[in-house]
Amino acid sequence: MTKHDLIIRIAGEGGEGIISAGDMITQACARAGLDVYTFKTFPAEIKGGYAMYQLRASSERLYNQGDSFDVLCAFNGEAYDLNHTRLQPGTVLVYDSPGGDFEPDIPEGVHAYPIPMTATAKDLKSPRAKNMVALGALSQLFDIPEASLREVIAAKFARKGDTVVQANLTAFAQGRALAAAQTKTDAYAVEHAKEKRDVVVMSGNHAIGLGALIAGLDFYSAYPITPATEIAQYVARHLPKRGGTLIQAEDEIASISQVVGASYAGKKAMTATSGPGLSLMSEMLGMAFMSETPCVVVDVQRGGPSTGLPTKHEQSDLFLAVHGSHGDAGRIVLAVESVQDCIGLTVQAFNLAEKYQVPVLLLSDGSLAFSTQTIPYPDPDSYQKVERKRWDGEGEYKRYAQTEDHISPMADPGTHGATHIATGLEHNELGMPNYTPANHEAMQAKRFGKLKDVVTDFPAAEIDGDGEAELGIIAWGSSIGVVREAVQRLRDEGRKVKGFYPKLLCPLPAGQFEAFGATCGRLLIPEVNYQGQLAHFVRAETSLRPESYTVCGGLPFTPGMIVRKVKEMLA
Amino acid sequence: MNAPHPVLHPQTHLHKVALQSKEYKDNVNPFWCPGCGHHGVLTSLLRALSEVGVDPNFLVNISGIGCSSRLPYFVKSYKMHTLHGRAGPVATGAQLARPDLAIVVSGGDGDGFSIGGGHMPHLARKNVNVTYVLMDNHVYGLTKCQASPTSRREMKTVTTPYGGVEEPLDPVLYMLTYGASYVAQSYAANAKLTTRLIKEGMEHKGFAFINVLSHCPTFNEVDDAKSFKEASDEVTAEHDVTDLDAAMHVVNMATRAGRIPTGLLYKVERPTLDERMAELVQRVGGHADYDLKQIIDLSRP
Ligand SMILES: Cc1ncc(C[n+]2csc(CCOP(=O)(O)OP(=O)(O)O)c2C)c(N)n1
Ligand code: SF4
């Protein structure tokens, strides 16, 4: 298999420009027509701490952050210490020397390029341009398009004036010269793109914000929490341009309450949070189900339980998303795979909420939140947008009228002749409290009856591969992208494996799971959580008996991990 | 649905009709105990609605959970019976979504100042344009006689069988401190004053808080209709309602003397949250037809 991609990891102290250097390479590669997939870890601390930016660039389509880096660019000793075990023979180390804070013993077979990053920046009297020296060196060594990088640097510092732009470009040029003076011993280089494509580069969080704007969002209530805050940040900047409202609430209970109030008033409304916030919202989610009030809640999952690992990746809120609220409280749960999905599934979340008058939860995760990816330029007009069914003014208005499809027309305040109550108490068709056994059963049947059609309404889960397979892998969320590549590699090695990639997790499309399972000898569900949460639901709702592969170290799976696991199972 | 944002100075009572107070009564009979103060609050509210002349089709009554929070069922209007303590933020969302609606929040002292206490400062400081009628009976009624944050210490309840161990808080003093732009107090049996304060509260542009001492003959034996009436002193014509210090002073002096200050305590005009939002949208030149591609273009590499 020819290698198309290059993976560069830049690591050092937060505040040294690690993230911005990485972003610039990403932008430059995207401009040059390459596919880029990035992965970042931030320090949980406000200042300092270890920061890492890994970017994978390729002329082929990318689905995940890859296994491990080909090139490590270490800004300091800590970055080297944390990564040196992954410096396998054949990999490359670019590091700050002489003049840095460490002098590594270069492992056998590793190509090493010492670049005096700190010292050069100091000599140029722009100590903050250390990252530009590194950027120049990387650009020279791995053929990262120089012209694009220069454009990106100029654009990035334009606001700070010409002097700053020039200083950074000088540091960049110096970095290139320093690298050019060394003998290149490795063969890594960024591929050249086959064609220029019309793309945008977005993070998962920003893409969710964009999806909401496309869906016709009117009202957003925010409460800050890592790793979801950038959704609010994006919406706060752009929603007022569309005449909409973003407000910061006093807590997540208030956020979801405001969303329900705004939705009752007839608007498309949402909030986004992470696990701790979703825990607080669970009572109001039940009210939204009971009162049949559409709303969209995004949960960008992080490591739990409790305050947990706030900046780390995990897929451990599925139980909470599906069942978090007392009583039998239904909802729709979707999970995104990629930045592309963050747009499309957010639009779908609104459409489903409006159509079925239920809360829709959209699960993203810590690595997708900050992962920037190149995606085709999204055409806002290409998305279908659904509005809630509104009363036609005929006859007596019954807010909770029993209908064939169980969906009762809504009426915005201001509609003449349709005054009614939205209530969390069990009620009859008119909304009046009614606790008789017959009524409660009829109304629960109505509310859950609506959800029956969701499984057929929503696009069927993608099946990767045909015919019979020795092993089928079922994945959800951002693990799907990892499994796609693992399945491909295993197939290239002649293994009979298939993948199944559901995005609708509640109601669970059990029939689709069964049909997939019937074509596979064994089933594996890899998830980044301790309990095997999707596997639990699959065992409960289907006759399948999948095997679980769970990790919860705060990091996503890599394709290599899945490949190893499958080989182990099929050995 | 991206409706064009409403006019810059949205007033809650754009939609007027001429209806008698009984025409605001919905055809559900109040479920309250006979003699409950909440009946009186409802009567005053219905009268105030008639005097304001608000169109029931553009009125939203929003409540939490408690005996008092059942009030919306009895008023002809759009309405939401939400969760214990959450009426305030639900109303905030509805008001911001539709600034042309008239919104009345109602609920008890437990609902507003215990479980919902965290929302109160924010309704006040944000100046959310709603009218909040707190039906303060110094006890938890619906759950059958437990201490509330406004219960007198000596009161015996299910959870304080030997008398309480905590001091009560004073809702009006809190709302003054939190920055409410309209703060008033009355008692349920005084329909005339209560009606006037609710009406003026609805006409006030901004967050209007009216604490109505409402007796619970079933579970609160220490505060009855008579004791509320006898302890009340209505503020005099000399009281300067625009002076926050004076308002706090009146409340503090009354409390010290074991009295209840009633009437309009404080009222000031300042921009409401929805006005500021509308102004922000105008400042950025926002409109429903703003081309999304202009936003998407910002993410081109
Ligand atoms: C989350 C939650 N906790 C507790 C309750 C139980 N509960 C219902 S009403 C109420 C207190 C009612 O007192 P108050 O708000 O003062 O109103 P009142 O009944 O006296 O008018 C409580 C504790 C609830 N409904 N929800
Ligand atoms: S219990 Fe008290 S507050 Fe509740 S209805 Fe009866 S008298 Fe009124």
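General remarks:
- Protein-only accessible surface order, largest first, of B:Lys226, B:Lys205 at 1.4 Å: B:Lys226, B:Lys205
- Calculated [222 nm] ellipticity per residue, helices only, for chain B: -9000 deg cm²/dmol; basis is -39500 (n - 2.57) per DSSP H run with n ≥ 4, divided by all residues, nearest 500.
- For segment A:5-180, the solvent-accessible area works out to 39 Å² per residue, with a probe of 1.4 Å and every protein chain left in place.
- Surface accessible to a 1.4 Å probe, A:Arg390 within the full protein complex, Å²: 80 Å²
- Label point distance in nm, A:His416-A:Arg61, each placed 7 Å from Cα along Cα→Cβ: 5.4 nm
- Cα gyration tensor shape for segment A:201-382, rounded if a/c is under 1.5, else prolate or oblate: rounded
- Under 18 Å between alpha carbons - lysine pairs in segment B:21-272 that sit 8 or more apart or on different chains: 15
- Under 12 Å from A:Lys567, Cα to Cα: aspartates and glutamates that are on another chain or at least 8 residues apart: A:Glu470, A:Glu493
- Burial of accessible area (probe 1.4 Å, heavy atoms of protein chains only) in segment A:248-273, relative to its chain alone, reaches at least 20 Å² for A:Glu250, A:Ile253, A:Ser257, A:Gln258, A:Gly261, A:Tyr264, A:Ala265, A:Lys267.
- The tail of the calculated P(r) for segment B:110-180, taken as Cα-Cα distances beyond 20 Å, holds 33 percent of the pairs.
- Tensor-based shape of segment B:21-272 (alpha-carbon gyration tensor, a/c under 1.5 rounded, otherwise prolate or oblate): rounded
- Near B:Ile103, the amide H atoms lying under 5 Å from its own belong to B:Val60, B:Thr131; only residues 5 or more places off or on other chains count, and H is placed 1.01 Å from N.
- Solvent-accessible area lost on pairing A with B (1.4 Å probe, both sides summed) amounts to about 5100 Å².
- Anisotropy class assigned to segment A:386-461 is oblate, per the alpha carbon gyration tensor with a/c at or over the 1.5 cut-off and a/b no larger than b/c.
- Partner chain coverage, peptide B:70-78 - average Cβ within 10 angstrom: 3
- Relative contact order (percent, whole number), chain B, Cα cutoff 8 Å, 6+ residue spacing: 19 percent
- Note that segment A:462-570 shows a convex hull volume over its alpha carbon atoms of 90 Å³ per residue.
- Share of carbon and sulfur in the accessible heavy-atom surface of the protein assembly as shown [1.4 Å probe, %]: 53 percent
- Loop-located GluC sites (Glu not before Pro) in segment A:421-487, at most 13 other Cβ atoms within 10 Å (DSSP): A:Glu468
- Binned Cα-Cα distances of the protein assembly as shown, short to long, each 20 Å bin given as a whole percent: 14, 40, 30, 15, 1
The values are calculated or read from the model by the stated rules, or taken from the named source; none is laboratory data. Computed from a predicted structure; not experimentally measured. Don't worry about glycine lacking a Cβ; one is built from the backbone with ideal geometry, like all the others, and counts go over all protein chains shown. Calculation scope for accessible area: heavy atoms of the full protein, side chains included, ligands and nucleic acids excluded. Shrake-Rupley method; radii C 1.70, N 1.55, O 1.52, S 1.80 Å.
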